[in-house]
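Structure first, commentary second.
The values are calculated or read from the model by the stated rules, or taken from the named source; none is laboratory data. Note that the coordinates shown come from a computational prediction; the quantities given were computed from them, not determined experimentally. FYI the Cβ positions are ideal-geometry reconstructions off the backbone, even for glycines, and counts take in every protein chain you see. For accessibility, only protein heavy atoms count, side chains too; no ligands or nucleic acids. Shrake-Rupley method; radii C 1.70, N 1.55, O 1.52, S 1.80 Å.
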Amino acid sequence: MRVLVISDVHSNLTALDAVLADAGSWDVIWSLGDIVGYGPEPNECIARLSEHEHLAIAGNHDWAVLDRLDIEAFNHDARRAILWTRAQLNPLSLAYLQALPETLIEGDFTLAHGSPRSPIWEYLLSSAVAKVSFLHFSTLACLVGHTHVPVRFRDNPASSQCRVYTLQEGEVISLGQEREIINPGGIGQPRDGDPRAAYLLLDTEKRTFEHRRVAYDVAATQEKMRAADLPKRLIVRLEFGW
Ligand code: ZN
């Protein structure tokens, strides 16, 4: 089975469409949360994803929009975007977000937005946090998003550390015996200094995955954000990929 793994679409339909066009063929999409927040087209992104066979879990922005998280925990710009998104959502989109689970297990893979220990909120940024995370899922691999940075952590049972690797574009990685936590990077607001949308193509039979990047029309998304009067900082950051 070929799986298109995406995360943190953040209401950026132009970026999502670029990824769908670039990915070629796949059997199913796995979306790792934060389909909404920050960007200008929340309903359209949910509708687009719903056109395809997919599995999805909830992220912190999805929950904040539903008022399941205290928005005071978000920075000022994120908060403004959450409130704006809340006012835009149609009943279908609301029902979609309300039904999202916190985690899913599919074969060898656990899906969690932040981390398997604290799926909605925890940022998996360091080897130390990753090492602890391996205790909180039982499958071979865990797929996470949330940081918008493509990375993988490979466990080393003999060590108190795990190995950290930046994902390289076009690199095809084989899953081995050692357990992995893999982050595809972000679709709608990449934060690794590369403004292009990031995603993974996973082959569950060959047990391989490939990290891909695709440029999208950033200016088109920015124009829609300006029209929606979304915060300037959120508009500008897209062209720098941070
Ligand atoms: Zn996010």
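Leu94 versus Ala47, label points 7 Å from Cα toward the beta carbon: distance in nm?
1.8 nm
Please report the accessible area of Ser25 (heavy atoms, 1.4 Å probe, ligands and nucleic acids excluded) in Å², nearest 10.
Here the residue's solvent-accessible area equals roughly 80 Å².
In whole Hz, what ³J(HN,Hα) sequence does the stretch 8-24 give by Karplus (6.51, -1.76, 1.60; θ = phi - 60°), x for Gly and Pro?
Going residue by residue, I get 6, 5, 6, 6, 9, 5, 4, 5, 4, 5, 4, 5, 4, 6, 7, 6, x Hz, with x marking Gly and Pro.
Using a Cα-Cα cut-off of under 30 Å, which lysines could be cross-linked to Lys232, ignoring same-chain neighbours fewer than 8 residues away?
Filter leaves Lys224.
Could you give the spread of the C-alpha atoms of the stretch 104-175 along their three principal axes, from largest to smallest, in whole angstroms?
Projected onto its principal axes, the Cα set of the stretch 104-175 covers 29, 26, 24 Å.
Please list, in chain and number order, the residues 5+ apart from Leu104 or on another chain whose amide H is under 5 Å from its amide H, with Hs placed from the backbone.
Leu111
Using a 1.4 Å probe on the protein heavy atoms, what percent of the accessible area of the chain belongs to carbon and sulfur?
Values: 5060 of 9760 Å².
The computed percentage sits at 52.
With θ set to phi - 60°, apply the Karplus curve 6.51 cos²θ - 1.76 cosθ + 1.60 along the stretch 169-184 and write out the HN-Hα couplings as whole Hz, x wherever there is a Gly or Pro.
4, x, 6, 9, 10, 8, 6, x, 7, 7, 6, 9, 10, 10, 10, x
Using Cα-Cα distances under 8 Å and only pairs 6 or more residues apart, what relative contact order does the stretch 133-222 have, in percent? Present the calculation step by step, with values, prior to reporting the outcome.
Working: 169 pairs, mean separation 26.2, N = 90.
In percent, rounded to a whole number, it is 29.
Under the definition of Cα pairs under 8 Å and six or more residues apart, what whole-number percent is the relative contact order of the chain?
So the answer I get is 23 percent.
Out of every Cα-Cα pair in the stretch 112-242, what percent are more than 23 Å apart?
Tail fraction, whole percent: 38.
Return the FRET efficiency for the residue pair His136, Glu169: r is the Cβ-Cβ distance, R0 is 25 Å, and the value is rounded to the nearest 0.05.
On the way: r = 29 Å, r/R0 = 1.18.
About 0.25, to the nearest 0.05.
Considering the chain as a Gaussian network with a 10 Å cut-off on Cα pairs, which listed residue, Asn75, Asn90, Asn12, attains the greatest mean-square fluctuation?
Among Asn75, Asn90, Asn12, the largest mean-square fluctuation in the Gaussian network model of the chain belongs to Asn75.
Tell me, what ³J(HN,Hα) does each residue in the stretch 69-81 have, in order and in whole Hz, if you take phi through Karplus 6.51 cos²θ - 1.76 cosθ + 1.60 with θ = phi - 60° and put x for Gly and Pro?
Each residue's phi maps through the Karplus curve to give 10, 6, 6, 5, 6, 9, 6, 4, 5, 4, 4, 4, 5 Hz.
Give me, ordered by chain and number, the residues 5 or more places off Val151 or on other chains with an amide H under 5 Å from its own placed amide H.
Leu167, Asn183, Gly185
Can you give the accessible area of Trp121 in Å² (nearest 10), computed on protein heavy atoms with a 1.4 Å probe?
90 Å²
Suppose accessible area is computed on protein heavy atoms with a 1.4 Å probe; arrange His136, His76, His54 from highest to lowest.
Descending accessible area places them as His76, His136, His54.
Rg and Dmax of the chain, using alpha carbons, in Å: what are they?
In order Rg, Dmax, the Cα atoms of the chain give 16.7, 54 Å.
Return the single residue from Thr147, Thr139, Thr103 with maximal mean-square fluctuation; model: Gaussian network over the chain, springs between Cα atoms under 10 Å.
Ranking Thr147, Thr139, Thr103 by mean-square fluctuation puts Thr139 first.
Using Cα centres only, tell me the gap between the stretch 159-201 and the stretch 63-95 in whole Å.
Spelled out, the Cα-based centre of one part sits 28 Å from the other.
In a Gaussian network model over the chain where Cα atoms closer than 10 Å are linked, find which of Leu135, Leu69, Leu104 has the largest mean-square fluctuation.
Largest GNM mean-square fluctuation: Leu135.
So what is the accessible area of the chain per residue, in Å², with the probe set to 1.4 Å?
Working: 9760 Å² over 242 residues.
Normalised by residue count, the accessible surface of the chain is 40 Å².
Please list, ordered by chain and number, the residues whose modelled amide H lies under 5 Å from the amide H of Leu69; skip anything fewer than 5 residues away on the same chain.
Ala64
With every protein chain present, what accessible area does Glu44 have (1.4 Å probe, heavy atoms only), rounded to the nearest 10 Å²?
Accessible area of Glu44: about 80 Å².
For the chain, what does the helix formula give at 222 nm: sum of -39500 (n - 2.57) over DSSP H segments with n ≥ 4, over the residue count, nearest 500 deg cm²/dmol?
Value at 222 nm, helices only: -8000 deg cm²/dmol.
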